[in-house]
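The values are calculated or read from the model by the stated rules, or taken from the named source; none is laboratory data. Remember, it's a predicted structure, so these values are computed and weren't measured experimentally. A quick note on method: Cβ atoms are made from the backbone with ideal geometry, for glycine too, and the neighbour counts reach across all protein chains shown. Keep in mind that these areas ignore ligands, DNA and RNA; they rest on the heavy atoms of the full protein, side chains included. Shrake-Rupley method; radii C 1.70, N 1.55, O 1.52, S 1.80 Å.
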Amino acid sequence: MKSLALTAGALAAAALVWYAVPSFAEPAKRVPAPTADLAAPAAAKTETAVFAGGCFWGVQGVFQRVRGVSNAVSGYAGGDAKTARYDEVGSGRTGHAESVRITYDPKQISYGKLLQIYFSVAHDPTELNRQGPDTGTQYRSTVFAENAEQARIAKEYIAQLNQAKTFGKPLATTIEMAKPFYAAEDYHQDYLTLNPSQPYIAINDMPKIDDLKKLFPESYKATPSLVRGAKAG
């Protein structure tokens, strides 16, 4: 992910580079739904899911536009609280992955459906420790399971997609449990919505929003659920 500390001149120069370099991601496609899923609870309540799939700007932007999702927060998971800071996570040595914590209504959208969107449009699950131009373990494809049932559904779904050779090669997605989530700095929240023309976002992330709308019209909502209640710029 491009540093937010670039000077105005450096940013302008970098923009020329990013516009000249195409996204490395494979074209999105709607993968088959999981054969196993979590049942909606009898009592009305919300659930959470945590996914990592490269730069959290794009992953957050996708899930903020999914029906049934009330909140999607960019953050870090996989490491310790003391290193859950952007400048340290970027070193790739903290154990953290840039992640998104999704709060959703299981009566409107299931955990399996969220996984389907995650594998279809939010990122390329076949890339190991990278997404597009970003490299390092902090950009790994990981499902941070909140409990044993989430881990089971994710594991079975990965096996299902691998067995069907859905992507033509094995998924690199891992499953990690008992890893706390730490919200990222305020300036990372709602970044895609607030900066749609920023070169990195325009090239690597805005196409994901188009893919969500095209491949999952039944799940797409035009008005995103923003963390800060901000308006698009």
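Of all the residues in region 60-108, those that are within 18 Å of A178 (Cα to Cα), of a type in the set (V, I, T) and in contact with an Asp or Glu (Cβ under 8 Å, 6 or more places away or on another chain) number 2.
Taken over region 169-184, the criterion of being touching a residue at least 24 places away in the same chain (Cβ under 8 Å), open to solvent by 50 Å² or more (accessible area, probe 1.4 Å) and in a loop (DSSP other than H, G, I, E, B) is satisfied by K169, P170, K179, P180. Filter region 185-217 down to residues that are of a type outside the set (D, E, K, R) and under 12 Å from R65 (Cβ atoms) and give me whichever is most open to solvent (accessible area, probe 1.4 Å). Filtering region 185-217 for residues that are of a type outside the set (D, E, K, R) and under 12 Å from R65 (Cβ atoms), the one most open to solvent (accessible area, probe 1.4 Å) comes out as P217. The set of residues in region 157-168 that are surrounded by fewer than 14 Cβ atoms within 10 Å (Cβ to Cβ) and either assigned to a loop (DSSP other than H, G, I, E, B) or touching a Pro at 6+ places or on another chain (Cβ under 6 Å) (or both) comprises A164, K165, G168. Taking first residues from region 202-215 that are within 14 Å of Q116 (Cα to Cα) and partners that are polar (S, T, N, Q) and assigned to a helix (DSSP H, G or I), the Cβ contacts under 7 Å between residues at least 6 apart in sequence or on separate chains come to L215/S120. Of all residues in region 125-168, those that are in contact with a Leu (Cβ under 8 Å, 6 or more places away or on another chain) and touching a residue at least 40 places away in the same chain (Cβ under 8 Å) total 11.
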